[in-house]
Each structure stands twice: as structure tokens, then as C-alpha cells.
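This report concerns only the one structure given below.
The values are calculated or read from the model by the stated rules, or taken from the named source; none is laboratory data. All values derive from a computational prediction rather than experimental measurement. Please note: Cβ atoms are built from the backbone with ideal geometry, for glycine as well, and neighbour counts cover all protein chains shown. Heavy atoms of the whole protein, side chains included, go into the accessibility calculation; ligands, DNA and RNA do not. Shrake-Rupley method; radii C 1.70, N 1.55, O 1.52, S 1.80 Å.
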Amino acid sequence: MKRLFLILGFALTSSPALAELSPEGRFDFYASPWIALHHTAYHLERAARTDLKLRGRVPLHPDDDPEIAQEFMQGCPDIAAAYAPYVATSILFSPDTRRIAKELKYGPDALTDQRVADALKACMPVYKKTLWPIHEASARAFIDRLQSELSRHEAAISEAAAKDIGIEWPDEPVRFDVVPYANWAGAYTDIDPANVTYSSRNARLSGEYALEMVFHEAGHTPPVDTAIMAASIAAMEATGLDNKRFPHYVLFHAMGTAVKEALDGEDYVIYVEATGLAEAADSRDIYDALAAVWDSDASFADRVLMAAERVVAAQSGQKNESGAD
């Protein structure tokens, strides 16, 4: 079922995007120079803005030689002014910058911001000469490695996740735009339409945890996201649990355990445990509760509810022990 083809887009798309469908057809991976240039320009300009107190800066990656990056920025003098209105806000929380990435699927002529369109067009020859060869090689290497893993495990993970969450996967694959720079977390997801932006150079996301995190990001799109949000919100309302991150913790646990089950390996340590996220103060009780109920024969919604009940009971016990009212 694997296919490889070129998306030609508009005539101005002088370097076409590589697109490759995963073996089971769950994911479509793209390496578009326009989308890569957008993320590179945004993050390099954001990193250079010393006049702004910015959270979530993404620094120059070690693979990008500073002199080459400097040549890129000097050769693209219009980029700074074009991106100035956007860099004060993290790309994860900016609908404007995310709109640019969506529009760039169809080439720069599709952009509603003409200033950005003109800057990207003028910059593309410089980008192709300087940073794009490095970025393209990284994206292609990541896609090749991931496809090898998916050829062995995609079907089993898809089945395990569908069974655990009680959903059917959509007919259309989730699009992944593989880029050199995504955001501080290494990946982010849009749902209208379903689209994941994924860094090929984040050590964990593109390495040992690529399988889990690709499924995790896909889990932010319908129907998985719909099922997880519905069960989580219902459980929070029924128990009084007050934690807006609860649905995300459920997604982390559900996809992590699905991957662990599919790999059939006791040695696999799911992402939140390997990174210490499961031990964070605001999430430890939740992950402990989810682990305690996950092997139950109950439905997904009931397991999420039972986990929420455990968390609330544990928090209530802690308050009583401390003497709080």
C-alpha cells in the first residue's frame, strides 16, 4: 500500500513536496520546502528578537551551522519585517501563523498575507542554497526510518488503540508536515482539517519514541480526540475533578499503552514514564489512577471515570491528612 509521489502545487513551488503514505494508510508524510521555510523563518526571527520576552523560543538547531544560518537571514532581508507581526506569540497558540502553514500547502500564492508571500518567494532561492538541503535530508531520513517501523507495527498499534478507546480510524489519512522546526514541544496538531506539524530533529520525537508520538499526535484529531474529550469531560463533570490537562493525560496514557501492547514488549517504557512527565506534581495522581484501572474490562469511558474517581478520592484524602477543610 505504500506510495510515493510529488505534489506539484502552484507553478511557483519550484521544489515540490515529498509525500509518502504509511503502509496502513493512517498517515501521510510531507516534506514541503515552503512549509519548512515558513517554520524556519518564524523561529529564527523569533529567536533573534531580544527586545521581546518570549516563552517557548526554539533556538538554532546544532545541525544548522550558525554561519549558514546567518547567510540565510542576510539573504532574506524582508523576512524580519514580514514576520514581525507574528513572532510575539508562540506558534502553538497563534491561529495566524498556523493559517499561514495551512495556506502554504497550496503554495505561496495561496497566502492571504501578501507581505509574507512576497518575503517567502524572495527567500526561497536563498533557502534552497543554504538550509533546505540539510532540512530536506533530515526530513527524508526521518520519514524513511519511521516507515520502516510502521511497516512492522502500524497495524497492531492501530488495532490496539481502536480497541482500547473504542473508535474506528477515519478513512482519510492524517497529514504530517515534517519540518526542521515545529514548536518548543517538537510537534503540534490542528484539527480543521486534521494536520500535524512534526519536527524531524527533536531527539525523542524523531528517535525512540517516534512511533508513539506519531500516534499521539494523530490522537489529537477526530475521531480519537472526540472520544477522549467526551469521556474526559464527562468524568470531570461527574466527579468534580478540576484539571484542564486531564484529557491530554488520558491521551498520553491510552496511546502509550496501546504502543506497549502492540510491541508486545515488557521492556517498552511509555513516553510519559521515560521522560518523567508521569511523576510531575500535577499529573502523578492521574497517571497512577489510569494505570490502576486500565486493565479493567470496563468500557473506555468507564475506565476514564474510574480513574477520575480515584484521583478525587486521593486528593480528598490528602486534604484530610493535612487538616484542610
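Pick out the one residue from Ala218, Ala227, Ala203 that is more than 24 Å from Ile134 (Cβ to Cβ) and over 13 Å from the mean Cα position of the chain (by Cα). Break it down stepwise before answering.
Numbers: Ala218 fails: over 13 Å from the mean Cα position of the chain (by Cα); Ala203 fails: more than 24 Å from Ile134 (Cβ to Cβ).
Answer to the selection: Ala227.
Evaluate the following for Ile191: is it hydrophobic (A, V, I, L, M, F, W, C) and either surrounded by fewer than 21 Cβ atoms within 10 Å (Cβ to Cβ) or farther than 24 Å from Ala301 by Cβ (or both)? Can you show your working first?
On the way: hydrophobic (A, V, I, L, M, F, W, C): yes; either surrounded by fewer than 21 Cβ atoms within 10 Å (Cβ to Cβ) or farther than 24 Å from Ala301 by Cβ (or both): yes.
Against the criterion (hydrophobic (A, V, I, L, M, F, W, C) and either surrounded by fewer than 21 Cβ atoms within 10 Å (Cβ to Cβ) or farther than 24 Å from Ala301 by Cβ (or both)), Ile191 qualifies.
If you check Lys121 against the conditions, is it more than 20 Å from Tyr188 (Cβ to Cβ), at pLDDT 95 or above, among the charged types (D, E, K, R) and crowded, with 17+ Cβ neighbours inside 10 Å?
Values: more than 20 Å from Tyr188 (Cβ to Cβ): yes; at pLDDT 95 or above: yes; among the charged types (D, E, K, R): yes; crowded, with 17+ Cβ neighbours inside 10 Å: yes.
Considered against the rule, which asks whether it is more than 20 Å from Tyr188 (Cβ to Cβ), at pLDDT 95 or above, among the charged types (D, E, K, R) and crowded, with 17+ Cβ neighbours inside 10 Å, Lys121 comes out as yes.
Does Ser148 count as without any contact (Cβ under 8 Å) to a residue 12 or more places away in the chain, hydroxyl-bearing (Ser, Thr, Tyr) and assigned to a helix (DSSP H, G or I)?
Details: without any contact (Cβ under 8 Å) to a residue 12 or more places away in the chain: yes; hydroxyl-bearing (Ser, Thr, Tyr): yes; assigned to a helix (DSSP H, G or I): yes.
Judged against the criteria, Ser148 is a match.
Got a number for residues in the range 34-53 being open to solvent by less than 30 Å² (accessible area, probe 1.4 Å) and out of contact with any strand residue (DSSP E or B) (no Cβ under 7 Å at 6 or more places or on another chain)? Quick ask: steps written out before the conclusion?
So the first thing to find is which residues in the range 34-53 are open to solvent by less than 30 Å² (accessible area, probe 1.4 Å), and the list is 34-46.
In the following step, the residues that additionally are out of contact with any strand residue (DSSP E or B) (no Cβ under 7 Å at 6 or more places or on another chain) were identified as 34, 37-38, 40-46.
The total comes to 10.
Restricting the search to the range 122-164, which residues are within 23 Å of Gly219 (Cα to Cα) and touching a Gly at 6+ places or on another chain (Cβ under 8 Å)?
Let us first name the residues in the range 122-164 that are within 23 Å of Gly219 (Cα to Cα), namely 139, 142-164.
Passing the criteria: only Ala161.
I'm trying to understand the selection: among the residues of the range 79-94, which are open to solvent by 20 Å² or more (accessible area, probe 1.4 Å), within 20 Å of Ser32 (Cβ to Cβ) and not in a loop (DSSP other than H, G, I, E, B)?
Across the range 79-94, the qualifying residue is only Leu92.
If we keep just the residues of the range 95-112 that are in contact with a helix residue (DSSP H, G or I) (Cβ under 6 Å, 6 or more places away or on another chain) and not aliphatic (A, V, I, L, M), which is most open to solvent (accessible area, probe 1.4 Å)?
Ranking the qualifying residues of the range 95-112, first place goes to Glu103.
Say we look at the range 48-63 and pick out the residues that are more than 12 Å from Trp184 (Cα to Cα) and among the charged types (D, E, K, R); which of these is modelled with the highest pLDDT?
Asp63
Taking helices (runs of 4 or more DSSP H) that do not extend beyond the range 213-320, which have at least 1 residues that are farther than 25 Å from Val174 by Cα, free of Cβ contacts under 8 Å to residues at least 60 places away in the same chain and open to solvent by 30 Å² or more (accessible area, probe 1.4 Å)?
224-239, 271-274, 284-293
Based on what the data block shows, is Glu71 touching a residue at least 24 places away in the same chain (Cβ under 8 Å), open to solvent by 50 Å² or more (accessible area, probe 1.4 Å) and not in a loop (DSSP other than H, G, I, E, B)? Write out each step before concluding.
On the way: touching a residue at least 24 places away in the same chain (Cβ under 8 Å): yes; open to solvent by 50 Å² or more (accessible area, probe 1.4 Å): yes; not in a loop (DSSP other than H, G, I, E, B): yes.
Yes; evaluated as a whole, the condition is true for this residue.
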